[in-house]
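Quick notes on the structure that follows.
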Amino acid sequence: MPTPSPRSSQAPGVILLLALVVLVLASSALARERARANLLAREHLLGDWEDLRSRLEEGGISLGLVYTFEVLSNIAGGVRKETESLGNVDVFADADLEKLLGWTERSSATPWNQEKASA
């Protein structure tokens, strides 16, 4: 009776491991797609804060945050080939003074800005 080679006895284990990896990756991709669809369906990315955001907006106060990240590269020509980036955070609060104080056609905006550059 021939003895099985070590390579042939490992084949079922390798196939099982590959099948498990494919199954995990497929379920992970499905979960990410569901989360993405849920994220895109939201009115606000960070949610409603247990109805606090909605109550503030009904009262005339809107809060927001915008993050912008830019990358600039000189890939050909010039003196140096380099890449630089700029991150920018804008936090703001808008007040509808008609809702808050009864003043018609008046609003107020309070921005805050923070920039971070790297070379």
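Values in this text are rule-based calculations from the coordinates and carry no lab data. Since we're looking at a predicted model, the values are computed, not measured. Virtual Cβ from ideal backbone geometry, glycine too; neighbours counted across all protein chains shown.
Evaluated with a Cβ-only charge set (Lys, Arg +1; Asp, Glu -1), the stretch 47-119 carries a dipole of roughly 400 debye about its Cα centre, given to the nearest 20. Taking the fewest neighbouring Cβ atoms within 10 Å as the starting point, the ordered list for V79, V89, V71 is V79, V71, V89. The local environment of P111, defined by Cβ-Cβ distances under 15 Å, has a net charge of -3 under the rule Lys, Arg +1 and Asp, Glu -1.
Each Lys and Arg contributes +1 and each Asp and Glu -1, all at the Cβ; summed about the Cα centre of the stretch 78-119, the dipole is approximately 220 debye.
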